[in-house]
Amino acid sequence: MGERLRAKTFDQYLAELGSHGAQVRRHGPSLEELWERNPCRTSHSGAGTPKPHAMISATPLVGGKVLLQFRACGDDGLLGRAAAYEVRSVPGHFPTPPLWPSATPLAHGDPSLPPAGQRESISAGPLPPGPHTLLLRARDAAGNGSAVGSVEVTLP
């Protein structure tokens, strides 16, 4: 009776089209690559350990404040808008990010909460001079937290 249907990834579908002589060109990354780069994967999504926030930068500002810049998360991974962001700090630099509960919550300005994938920036602090590891987590409207991302900064 007919061929059994099975789920295919987008890349598998494109490869199959190409094998039938179709001229197929993919512009940009595959869906799988986008998911792996996704800085917004929640801590309960998918199998295995989710990737932490990606593409975070920290720039020291006057008065012990720090400007965090990153790609905004949605309330459902790459869709919508995050409801909030949380920033925490730990004195010192670490080869692996410290645990979220051991970090000190850090006051920060209200983020603009742009759509997922857009640039976002938050001014946080003040912090004393010296090295710090900053931790960042997005929250959705239901209160679910994303994986924790980290960035190191040294304040003069």
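Selection of the stretch 101-126 for residues being outside any strand (DSSP E or B) and in contact with a Leu (Cβ under 6 Å, 6 or more places away or on another chain) yields A103, A116.
Scanning the stretch 124-147 for residues that are at pLDDT 90 or above, buried (at least 17 other Cβ atoms within 10 Å of the Cβ) and over 13 Å from F70 (Cβ atoms) gives G125, L127, H132, T133. Pairs are defined by a Cβ separation below 9 Å, a sequence spacing of at least 6 or placement on different chains, a first member in the stretch 78-101 that is among the hydroxyl-bearing types (S, T, Y), and a second member that is exposed (fewer than 13 other Cβ atoms within 10 Å of the Cβ) and at pLDDT 85 or above; the pairs so defined are S89/T104; S89/P105. Residue check: F94 meets all listed conditions (1) more than 19 Å from P128 (Cβ to Cβ); (2) part of a loop (DSSP other than H, G, I, E, B) but one, namely (1).
The values are calculated or read from the model by the stated rules, or taken from the named source; none is laboratory data. Model, not experiment: these values are computed from the prediction. In this analysis, Cβ positions are derived from the backbone assuming ideal geometry, glycine residues included, and neighbour counts consider all displayed protein chains.
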